[in-house]
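Below is one structure, written out as structure tokens; comments come after it.
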Amino acid sequence: MPDESFAVRRKIGLERGYDWRQYAADALTHGSSLIEHLESSIQYRESSVRHRQKKAEDASNVFVAVNARECRIVSIVARDCVPSYTVPMRRRKRTPLRLSEPKLHHNVYVVLLSKAALKDFSIMRRNPARDPVKPAVYVGMTGLPVDHRFENHKNGYKSARLVRKYGVRLLPELYEHLNPMPYEYAVQMEKDLADDLRAQGYAVCGGT
């Protein structure tokens with residue numbers, strides 16, 4: 001059986017009741033290995049698929065999808081039904097990123113608190129070395145106009161408890177020369193301003 005394909009020889013061997021030992025011995029007897037038969041079978045299947053593909057395309061003007069790994073035709077569809085995304089698309093131009101300057105729309109602010117705030121335990125705990133002459137203040141940071149932010153505090157909208165309860169007015173002389181600034185700077189400036197005022201003897205809350 002040297003001229004027969006591997007698949008045909010295997011089928012004949014099964015019909016004759018060969019087990020795998022007899023089948024291997026039979027293949028070696030005829031001067032060819034099992035690997036050679038397997039390679040010839042794969043080549044035969046590939047040529048058969050190519051022939052079927054060419055025949056189908058010439059006969060009916062169709063689009064044939066082939067699974068090359070499994071050597072079989074997957075689907076046959078009319079060329080008019082082939083979706084438009086099979087057409088190569090134009091490559092989009094990449095626009096370089098423009099590094100814009102940081103926007104200066106954040107502010108730090110200081111709110112004067114009433115004398116009653118000095119009796120609040122949280123303020124006394126944060127300012128053990130305060131100057132009795134200096135008032136209590138609240139230090140904050142916002143992206144809104146400072147006066148709008150103070151109104152929000154007093155109206156209870158995203159407000160700090162101490163400002164809502166003890167807030168009197170803004171102290172622009174302590175912060176106005178610093179504004180405006182980018183967000184990252186404002187976050188750090190809020191902490192620095194609170195530390196500076198605390199070092200001057202103010203009873204400071206906020207600034208975190």
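Within the range 109-148, the only residue that satisfies the criterion of being part of a loop (DSSP other than H, G, I, E, B), more than 38 Å from the chain's Cα centre (by Cα), surrounded by 12 or more Cβ atoms within 10 Å (Cβ to Cβ) and among the small types (Gly, Ala, Ser) is Ser114. Among the residues of the range 149-202, those identified as hydroxyl-bearing (Ser, Thr, Tyr) and over 25 Å from Val133 (Cα atoms) are Tyr157, Ser159, Tyr183, Tyr185. Residues satisfying the criterion are present in the range 199-207 (criterion: modelled with pLDDT under 90, out of contact with any Phe, Trp or Tyr (no Cβ under 7 Å at 6 or more places or on another chain) and closer than 21 Å to Leu104 by Cα). For Leu193, the stated conditions hold: it is in contact with a Phe, Trp or Tyr (Cβ under 7 Å, 6 or more places away or on another chain), part of a helix (DSSP H, G or I) and either in the same structural domain as Ala117 (by TED's automatic domain parsing) or modelled with pLDDT of 95 or more (or both). Of everything in the range 145-164, what is free of Cβ contacts under 8 Å to residues at least 40 places away in the same chain and more than 23 Å from Pro180 (Cβ to Cβ)? Give them in sequence order. Within the range 145-164, Asn155, Gly156, Arg161, Arg164 meet the criteria. Of all the numbered requirements in (1) touching a helix residue (DSSP H, G or I) at 6+ places or on another chain (Cβ under 8 Å); (2) more than 22 Å from Asp196 (Cα to Cα); (3) not hydroxyl-bearing (Ser, Thr, Tyr), Pro145 misses one, and that requirement is (1). Using the structure shown, decide if Met124 is within 25 Å of Ala199 (Cα to Cα) and in contact with a His (Cβ under 9 Å, 6 or more places away or on another chain). Here the answer is no, as Met124 does not meet what is asked.
In this structure, does Lys93 turn out to be part of a loop (DSSP other than H, G, I, E, B) and at pLDDT below 90? So Lys93 passes the test. Of the candidates Val204, Val139, Val187, the single residue that is among the aliphatic types (A, V, I, L, M), more than 22 Å from Ile123 (Cβ to Cβ) and in contact (Cβ under 8 Å) with a residue 40 or more places away in the chain is Val187.
Only a single item in (1) out of contact with any helix residue (DSSP H, G or I) (no Cβ under 6 Å at 6 or more places or on another chain); (2) modelled with pLDDT of 95 or more is not met by Leu170, and it is number (1). Is it the case that some residue within the range 157-177 is of a type in the set (Asp, Glu) and not in a loop (DSSP other than H, G, I, E, B)? Yes, because at least one residue in the range 157-177 is of a type in the set (Asp, Glu) and not in a loop (DSSP other than H, G, I, E, B).
The values are calculated or read from the model by the stated rules, or taken from the named source; none is laboratory data. Quick caveat, the model's predicted, so the values are computed rather than measured. Cβ: placed from backbone, ideal geometry, glycine included. Neighbour counts: every protein chain shown.
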